[in-house]
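Reading through the structure tokens given below for one structure.
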Amino acid sequence: MIIEVYSEEETQKLGIEMGKKAKQGEIYCLKGDLGVGKTVFTKGFAEGLGIADHITSPTFTIVNEYNSGRIPFYHFDVYRIGDPDEMYDIGCDEYFFGEGVCLIEWAELINEILPYDVKWIEISKDLTIDDVNYRKIEVR
């Protein structure tokens, strides 16, 4: 499925809708360059889960846990992971197969350790379209 959006608000709204439908045990993998809207999408996703906490990217902590929504939310940013095996040091299996839902930014960097049934969300810009806010969001 390909969705085209023209504002941060539309990106966040898509995140909200997907968060409302998210289920325990699901893993959402975000792929996209710096500045394409991964964190905007994630904030919407958390809102869709019923989380009112301030959502920040866990760039240095690798994972932030939020337990105030309808199910636990585990937000990963693996940009700084040097080797996918480092994920085992933080107990990734407990998150991946736990009671919550995972959303992983830069998931392509740890692709080899991800379960087979993850959902990929790729956000990209298209510089040929004359709109600085345009994003193509591919969900598979």
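The table for this structure:
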item: Cβ-Cβ under 7 Å pairs, at least 6 apart or on other chains, the stretch 125-140 side within 18 Å of residue 9 (Cβ to Cβ) and assigned to a loop (DSSP other than H, G, I, E, B), far side open to solvent by 80 Å² or more (accessible area, probe 1.4 Å) and basic (Lys, Arg); result: 134/125
item: Helices (runs of 4 or more DSSP H) within the stretch 26-123 that include 3 or more residues open to solvent by 10 Å² or more (accessible area, probe 1.4 Å) and either touching a residue at least 60 places away in the same chain (Cβ under 8 Å) or more than 24 Å from residue 134 (Cβ to Cβ) (or both); result: 86-89, 92-96
item: Close pairs from the stretch 6-25: first under 20 Å from residue 69 (Cα atoms), partner part of a helix (DSSP H, G or I) and among the acidic types (Asp, Glu), Cβ under 7 Å, at least 6 apart; result: 16/47; 19/47
item: Whichever residue in the stretch 124-140 is surrounded by 11 or more Cβ atoms within 10 Å (Cβ to Cβ) and polar (S, T, N, Q) and, among such residues, is nearest to residue 66 (Cα to Cα); result: 124
item: Failed condition for residue 78, given (1) over 14 Å from the mean Cα position of the chain (by Cα); (2) under 11 Å from residue 105 (Cβ atoms); result: (1)
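One line per residue, one yes/no per condition, for (1) at pLDDT 95 or above; (2) touching a Pro at 6+ places or on another chain (Cβ under 9 Å); (3) closer than 18 Å to residue 16 by Cβ; (4) of a type in the set (S, T, N, Q):
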site: 61; (1), (2), (3), (4): no, no, no, yes
site: 89; (1), (2), (3), (4): no, no, no, no
site: 102; (1), (2), (3), (4): yes, no, yes, no
site: 120; (1), (2), (3), (4): yes, no, no, no
site: 130; (1), (2), (3), (4): no, no, no, no
site: 140; (1), (2), (3), (4): no, no, no, no
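The values are calculated or read from the model by the stated rules, or taken from the named source; none is laboratory data. Everything numeric here is computed off the predicted structure, so don't read it as measured data. No Cβ is skipped: glycine too gets one built from the backbone with ideal geometry, and neighbour counts run over all protein chains shown. Ligands, DNA and RNA are stripped out before the accessible areas are found, and what is left, the full protein with its side chains, is counted by its heavy atoms. Shrake-Rupley method; radii C 1.70, N 1.55, O 1.52, S 1.80 Å.
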